[in-house]
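What follows is a short report on a single structure.
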Amino acid sequence: MPILSASVIQQRAEDLYQLLDPCKLCPRLCSAHRRRGKTGFCKVGNTAVISSALPHFGEEPPISGTSGSGTVFLTSCNAACIFCQNYQISHLRQGTPITTEKLAQLFLKLQQRGCHNINWVTPDPHLPFLVHALSLAVAEGLQIPVVYNTNGYCRPEILRILKGVVDIYLPDMKYSQDVWAEDFSNLPNYYAINTGAIAEMYRQVGPLVINDAGVAVQGLLVRHLVLPERIAGSARIFRSIAAIDPHIPVSIMAQYHPCYRAVGHPLLGRRLKRSEYLKALEEFEAAGLTTAYTQDINELEQEDLFFPDFDAGESQIFKAQQKHN
Ligand code: SF4
């Protein structure tokens with residue numbers, strides 16, 4: 001649970017509202033006057049917009065646990081990955097505006113349903129509203145940890161405001177070469193920004209801490225999606241993580257599937273090969289890292305086990321099983 005009181009969390013929300021207009025909530029620094037109806041790159045305005053909020057069982061085992069992660073899928077994104085598997089909500093921005101009061105009630109309902117945590121998916125453009133809602137929920141008895149589930153394109157200045165607010169950081173490390181980050185996700189200077197963000201997250205919470213029931217209570221777990229043609233630059237990413245702390249666990253994902261504008265793409269228009277995933281696992285070991293959550297490439301070759309369908313409802317979202325090496 002957040003270690004800060006509701007009133008202190010509310011003060012953090014006020015600090016974040018100051019950065020909403022002109023908007024400097026993420027490294028794009030759009031300076032959009034969002035409180036006056038303007039929008040920047042992410043197209044989010046003066047309210048949070050969500051796609052769904054539900055117990056989710058397809059995250060890594062310590063995040064999903066046995067009762068599910070209380071996942072809040074937020075609409076839009078400050079990245080623009082051509083292969084985004086959530087493109088209906090990130091690119092097409094399917095979602096519903098929601099007040100902070102109703103958002104707080106959603107958090108409390110997810111706790112009542114037994115979820116192990118509140119999992120904010122793509123929170124960066126919505127941050128003032130989320131933290132404001134959190135302060136309301138904590139005042140009404142929210143006690144479970146907050147998970148910050150992000151593409152990792154974050155400003156350290158913003159992350160520092162979240163110290164004591166966020167319990168678990170779940171960031172992507174997508175690319176180690178900026179040319180691919182720009183070409184395929186429109187993320188300028190991604191590697192330096194991403195590694196800086198990871199370092200700040202680690203400074204706040206350290207590596208992942210798991211309780212006796214096998215559920216994460218605090219810490220950092222990095223996600224890395226292996227891409228075809230070695231485009232993600234996995235070896236350098238693993239070395240970067242090891243340089244911070246070799247005990248940081250890494251979720252090494254094999255689930256790449258061409259979606260959206262990657263369908264038919266000359267480099268990204270196919271699924272990952274088994275040999276490419278195994279090579280990434282070798283690179284993980286060579287970097288000296290100790291803990292990985294991996295996916296079964298054989299299952300992936302059979303069917304779309306990891307493929308979410310946001311039109312299909314709760315029962316079909318993520319069926320992945322991952323293992324702890
Ligand atoms: S949160 Fe959105 S509007 Fe604000 S800087 Fe980032 S992309 Fe631009």
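For L74, nonlocal amide neighbours, meaning residues 5 or more places apart or on other chains whose placed amide H falls under 5 Å from its own, are S51, V121.
Neighbour counts of other C-beta atoms within 10 Å: give me E276, E59 arranged from fewest to most.
Details: E276 20, E59 27.
With the sparsest Cβ surroundings first, the list reads E276, E59.
Relative contact order of the chain, taken over Cα pairs closer than 8 Å and 6 or more residues apart, is 17 percent. In this rough spin-label picture, where each label sits 7 Å from Cα along the Cβ direction, the R236-H265 distance is 1.8 nm. Computed from the Kirkwood radius of its Cα pairs, the Stokes-Einstein diffusion coefficient for the chain at 4 °C and 1.567 mPa s stands at 66 µm²/s.
Applying 1/(1 + (r/R0)^6) with R0 = 30 Å to the Cβ-Cβ distance of R160 and K109 gives a FRET efficiency near 0.50. Around the amide H of L225, modelled in the peptide plane, lie the amide H atoms of M173, M253, all under 5 Å away and 5 or more residues distant in sequence or on another chain.
Please build a GNM for the chain, connecting alpha carbons under 10 Å apart, and tell me which residue among A286, A79, A213 fluctuates the most. Highest fluctuation of the listed residues: A213. Our helix-only sum for the chain, with -39,500 (n - 2.57) per DSSP H run of n ≥ 4 divided by its residues, gives a mean residue ellipticity at 222 nm of -9500 deg cm²/dmol. Using R0 = 41 Å, the C-beta based FRET efficiency linking R93 and T66 works out to 0.80. Mind listing the long-range amide H neighbours of V166? Cut-off is under 5 Å, sequence gap 5 or more, other chains count too, H placed in the peptide plane at 1.01 Å from N. The list, which skips near neighbours in sequence, is empty: none.
Tally the DSSP beta bridges in region 6-324 and give the antiparallel ones as a percent, rounded to 5. Before the final figure, lay out each step's value.
Details: 14 of 38 bridges.
Looking only at bridges with both residues in region 6-324, the antiparallel portion is about 35 percent.
Spatial offset of region 221-258 relative to region 86-132 amounts to 26 Å, using the alpha carbon center of each. Counting only cysteine Cβ atoms and a cutoff under 4.7 Å, the chain contains unmatched residues C23, C26, C30, C42, C77, C115, C154, C259. On the beta carbon distance between L29 and I3, with R0 = 35 Å, the FRET formula returns roughly 0.75. For the chain, modelled as a GNM whose springs connect Cα atoms under 10 angstrom apart, the maximal fluctuation among I168, I63, I244 occurs at I244. Separation of the alpha carbons by more than 26 angstrom is noted, of K174/K273; K102/K174; K43/K273, for K102/K174; K43/K273.
No value in this document is a laboratory result; all are computed from the given coordinates. Source: prediction; values computed, not measured. We place every Cβ from the backbone using ideal geometry, glycine too, and count neighbours over all the protein chains shown.
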